[in-house]
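Okay, so here's the structure we're looking at.
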Ligand code: MRU
């Protein structure tokens, strides 16, 4: 793959190690995070990012920090554990994988509450490892299912970064691209730059280029042009939360790409693990959308502030693509077609 490890525990299991994605592609810097505050800050500032990677980082982080709780009795351990969990849960609101992972860790604690606290800590470490390994296996299967929808030589457009850097291995939207690369499919990938944080320009362009995939960077407002020119045969995007009716939250700008794809008759595929499906969320209106600071729009990446002082800025980090614009949702358990309220349930009931 690309020779970078998105998230792991260090060999002595004293720190959460992440590659700082805010420094890419210029510098490959690994951060060793030890405190819950450092881990929360790294997630909030997108040093580790992408829905599945956030979940894995939070799970490892919780296991790591729970080890330092000094309580010997469960009644003292559990409230301290919950405080850590709440702190990490407050880092970002939209990607449901964060909450799925934290709740799994909580279930683990509850399941073993009769055991000694030291034993519970050991189980937490194993649960975090299981979350990481299941994510890697899910991505590989998403890649296989996704590849079954594609043909060699296709032009593919992607938005944001749903690749290796957003997960444990392979990616979601980019998993079929990597598998196709291994099997000689020769895809031509167009990467939207993805304003304002440039995950497409900095991360997707970087990791695909490093893997030897033919990738062309375009500004977000160029997607229509390349589609009109017939250069795109499928759109592949990741997801942060899938509502029960198939509405999908993903990086801001995704829904615009979906509208364009519909107009040009190009299939629009969403790829993500079943842990991204939130059946408690009936539709788009119930998905919490993160809003971030105005400076990300007006100042970040510019040597001098580029917008007038005092200007109103609206900076939602995600938008929701209506289910009617989505051709299929590809999970590790299979491909869901409309009507999604039925197909998502069905796919999740599979072993
Ligand atoms: O704000 P980010 O960079 O965490 O947003 C990431 C995305 O929108 C991804 O497309 C999504 O999390 C899927 S990652 C496999």
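The values are calculated or read from the model by the stated rules, or taken from the named source; none is laboratory data. In this text, all values refer to a predicted model and were calculated from it rather than measured experimentally. Every residue, glycine as well, gets a Cβ built from its backbone with ideal geometry; the counts of neighbours run over all protein chains shown.
Pick out the one residue from 13, 37 that is out of contact with any helix residue (DSSP H, G or I) (no Cβ under 6 Å at 6 or more places or on another chain), more than 23 Å from residue 130 (Cβ to Cβ), touching a residue at least 40 places away in the same chain (Cβ under 8 Å) and surrounded by fewer than 16 Cβ atoms within 10 Å (Cβ to Cβ). Talk me through it step by step, then tell me what you get.
On the way: 13 fails: more than 23 Å from residue 130 (Cβ to Cβ).
From the options 13, 37, the qualifying one is 37.
Looking at this structure, is residue 165 farther than 23 Å from residue 18 by Cα and either surrounded by fewer than 24 Cβ atoms within 10 Å (Cβ to Cβ) or assigned by TED's automatic domain parsing to the domain that holds residue 294 (or both)? Write out each step before concluding.
Values: farther than 23 Å from residue 18 by Cα: no; either surrounded by fewer than 24 Cβ atoms within 10 Å (Cβ to Cβ) or assigned by TED's automatic domain parsing to the domain that holds residue 294 (or both): yes.
In short, no.
Please work out which residue is nearest to the ligand (Cβ to nearest atom), limiting yourself to segment 142-175 and to residues that are assigned to a helix (DSSP H, G or I) and over 16 Å from the mean Cα position of the chain (by Cα). Break it down into steps so the answer makes sense when it comes.
In the first step, residues of segment 142-175 are kept if they are assigned to a helix (DSSP H, G or I); the result is 142-147, 164-166, 175.
Add one more test, that the residue is over 16 Å from the mean Cα position of the chain (by Cα), and what stays is 144-147.
Numbers: 144: 16, 145: 15, 146: 12, 147: 16 Å.
Once the filter is applied, the top-ranked residue is 146.
Here is a list: 274, 270. Which entry is buried (at least 17 other Cβ atoms within 10 Å of the Cβ), out of contact with any helix residue (DSSP H, G or I) (no Cβ under 7 Å at 6 or more places or on another chain) and under 20 Å from residue 320 (Cα atoms)?
Working: 274 fails: out of contact with any helix residue (DSSP H, G or I) (no Cβ under 7 Å at 6 or more places or on another chain).
Being buried (at least 17 other Cβ atoms within 10 Å of the Cβ), out of contact with any helix residue (DSSP H, G or I) (no Cβ under 7 Å at 6 or more places or on another chain) and under 20 Å from residue 320 (Cα atoms) holds for just one of 274, 270, which is 270.
Could you please give the count of residues in segment 73-113 that are outside any helix (DSSP H, G or I) and either within 16 Å of the ligand (Cβ to nearest atom) or out of contact with any helix residue (DSSP H, G or I) (no Cβ under 8 Å at 6 or more places or on another chain) (or both)? Step through it out loud before you land on a result.
Looking only at segment 73-113, we keep the residues that are outside any helix (DSSP H, G or I), and these are 73, 90-95, 112-113.
Add one more test, that the residue is either within 16 Å of the ligand (Cβ to nearest atom) or out of contact with any helix residue (DSSP H, G or I) (no Cβ under 8 Å at 6 or more places or on another chain) (or both), and what stays is 90-95.
Counting residues in segment 73-113 that are outside any helix (DSSP H, G or I) and either within 16 Å of the ligand (Cβ to nearest atom) or out of contact with any helix residue (DSSP H, G or I) (no Cβ under 8 Å at 6 or more places or on another chain) (or both) gives 6.
Could you please let me know if residue 235 is more than 20 Å from residue 96 (Cα to Cα), at pLDDT 95 or above and touching a strand residue (DSSP E or B) at 6+ places or on another chain (Cβ under 6 Å)?
Details: more than 20 Å from residue 96 (Cα to Cα): yes; at pLDDT 95 or above: yes; touching a strand residue (DSSP E or B) at 6+ places or on another chain (Cβ under 6 Å): yes.
Considered against the rule, which asks whether it is more than 20 Å from residue 96 (Cα to Cα), at pLDDT 95 or above and touching a strand residue (DSSP E or B) at 6+ places or on another chain (Cβ under 6 Å), residue 235 comes out as yes.
Working only within segment 334-351, note down all residues that are in a loop (DSSP other than H, G, I, E, B) and in contact with a strand residue (DSSP E or B) (Cβ under 9 Å, 6 or more places away or on another chain). Let's see the steps before the verdict.
We begin by selecting, within segment 334-351, every residue in a loop (DSSP other than H, G, I, E, B); these are 337-339, 350-351.
Those that are in a loop (DSSP other than H, G, I, E, B) and in contact with a strand residue (DSSP E or B) (Cβ under 9 Å, 6 or more places away or on another chain): 337, 338, 350.
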Residue within segment 241-249 that is farther than 24 Å from residue 164 by Cβ, surrounded by fewer than 24 Cβ atoms within 10 Å (Cβ to Cβ) and within 16 Å of the ligand (Cβ to nearest atom) present: no
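Say whether the condition of being away from the ligand (no atom under 13 Å from the Cβ), part of a helix (DSSP H, G or I) and modelled with pLDDT of 95 or more is met by at least one residue in segment 194-205. Steps first, please.
If we filter segment 194-205 for residues that are away from the ligand (no atom under 13 Å from the Cβ), which is where we start, we get 205.
Still in the running and part of a helix (DSSP H, G or I): 205.
Imposing the further condition that a residue be modelled with pLDDT of 95 or more reduces the set to 205.
Yes.
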